């Protein structure tokens with residue numbers, strides 16, 4: 001039992017199985033295989049790193065967007081404008097992951113040529129986990145930053161109405177002898193997708209994450225979907241970041257800000273790559289970053305388990321465990337994806353779940 005609700009049983013699947021399931025579903029919608037594989041790989045990688053809110057559970061949301069025309073499954077991104085060290089990528093309302101990958105690689109290319117590269121993405125659907133893209137930038141020897149806005153679901157500090165998107169921010173930098181340091185977080189106290197995961201697992205939310213439709217604090221995930229709102233992290237600080245990311249992600253890309261009538265939907269996204277070599281020696285930077293990170297982890301007073309975690313460290317630990325043990329997928333999620341697959345005539349193999357006990361289904 002979890003806070004009075006039934007914890008839904010889970011079975012584990014390999015990352016390859018999850019990626020294969022996502023490819024089958026996406027191609028079942030008519031998505032070209034290369035676009036399906038890139039998008040599926042992004043979803044499965046999120047599951048591997050423990051961000052199940054951005055994993056294969058998103059197939060259900062994408063299905064709704066495909067149905068209402070928000071996602072055009074055959075559309076491909078393209079560069080619309082390229083002035084100087086900046087580029088505007090037009091996502092053409094296809095899947096957001098291919099557009100974000102193009103933007104990332106373009107930003108790296110621009111940084112290598114100019115010292116800095118800034119790429120905005122317009123007409124772009126859900127790009128997935130921003131950390132994926134800034135990590136790719138850091139792997140190329142640059143510092144990566146990314147912001148995006150999204151549909152209104154967050155109430156500003158002191159407010160009760162949905163006004164901002166969850167508006168994530170990500171930042172990554174390389175270090176010697178280890179994976180990059182990666183900071184990636186929603187400016188809401190909890191990402192909407194994590195609320196969706198908690199609901200699928202029959203769990204309550206921590207206090208202070210959401211309010212119900214009447215503005216009252218709640219820990220019940222369903223209250224968000226019944227007209228409630230997420231809350232920003234850190235009160236006015238998170239609220240201020242939410243607001244500024246609306247400007248960078250929404251207005252700079254022409255996508256509009258979440259609460260306004262001209263908001264176009266999707267993720268208005270900005271990616272920046274800074275060439276470390278344009279400012280200082282890349283090897284010296286990486287060595288110093290590694291030494292600094294080590295000093296940070298030593299700033300604790302004993303204990304068996306580490307109390308100080310570096311940005312991205314928890315994800316790497318989860319990935320190492322899941323690479324061996326597999327990724328847990330709640331039965332409710334399996335059932336819903338199975339229903340979707342059956343409507344497309346797609347076989348999910350071992351992940352398919354055709355029945356679910358009514359007690360588990362109700363979460364009571």
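What follows draws every value from the coordinates through simple rules; no lab data is involved. Please read these numbers as outputs of a predicted model, since none were measured by experiment. Methodologically, a virtual Cβ is constructed for each residue, glycine included, from the backbone with ideal geometry; neighbour enumeration extends over all protein chains shown.
Taking label positions 7 Å along the Cα-Cβ direction at both residue 34 and residue 354, the computed distance is 3.8 nm, reported to one decimal. This ranking places 329, 179, 296, 134 by how few other beta-carbon atoms lie within 10 Å of each, fewest first, which gives 296, 179, 329, 134. Between region 119-147 and region 160-238, the C-alpha centres lie 20 angstrom from each other. Arranged from fewest to most other beta-carbon atoms within 10 Å of their beta carbon, 112, 315 become 112, 315. Length available on full extension from residue 109 to residue 339: 0.36 nm per residue minus the Cα-Cα distance, which gives 78.6 nm. For region 1-118, what D do you get in µm² per second when you plug the Kirkwood radius from alpha-carbon pairs into Stokes-Einstein at 25 °C and 0.890 mPa s? D = 153 µm²/s. Each of 37, 78, 331, 298 was scored by other Cβ atoms within 10 Å of its Cβ. Listed from fewest to most, they are 298, 78, 37, 331. Model label sites at residue 325 and residue 236, defined 7 Å from Cα along the beta-carbon direction, differ in position by 4.3 nm. The Cα trace of the chain gives Rg and Dmax of 20.5, 61 Å, the first to one decimal, the second as a whole number.
Give, to the nearest whole percent, the P(r) tail of region 229-306 beyond 17 angstrom, counting all Cα pairs. Percent of Cα pairs beyond 17 Å in region 229-306: 69. The calculated FRET efficiency for residue 282 paired with residue 260, based on their beta-carbon distance and R0 = 35 Å, is about 0.25.
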